[in-house]
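So the structure is just underneath, and the comments pick up after that.
The values are calculated or read from the model by the stated rules, or taken from the named source; none is laboratory data. Since the model is a prediction, treat every value here as computed from it, not as a measurement. Heads up, the Cβs are rebuilt from the backbone with ideal geometry, glycines too, and the neighbour counts pull from every protein chain shown.
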Amino acid sequence: MSAKSRKPEPFKPGTVPAPGELLVWKHPHHFDRWQDRPCALCKQPTPMRSHHDEPVHKVCAEAWITANPVKARQSGRFASDAQPKRSRTQA
């Protein structure tokens, strides 16, 4: 399969982690290698981006989820990457 025919990975949010758990941000769209912008929470420069292109440190987002668990679940502001569904193998 050539590089041109490969489709890019979808960039969709998954679930909001439970308070105290870590976000899974493995998709390359979470990192802007060209420009740092002020974090929406701590105002310090960051190359990190949420699924909604909001500049935010992953640590700041995790702390916000822990401090605001109900609001985090309702808004889905910061979520982990969508995980591919695993197929069940028959034994």
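Table for the structure above
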item: Subset tally (residues that are in contact (Cβ under 8 Å) with a residue 12 or more places away in the chain and either of a type in the set (A, V, I, L, M, F, W, C) or not in a loop (DSSP other than H, G, I, E, B) (or both)) for the range 14-44; result: 15
item: Odd one out for Lys43 among (1) exposed (fewer than 15 other Cβ atoms within 10 Å of the Cβ); (2) at negative phi; result: (2)
item: Looking only at the range 45-84, and only at residues there that are assigned to a helix (DSSP H, G or I) and hydroxyl-bearing (Ser, Thr, Tyr), the one that is modelled with the highest pLDDT; result: Thr66
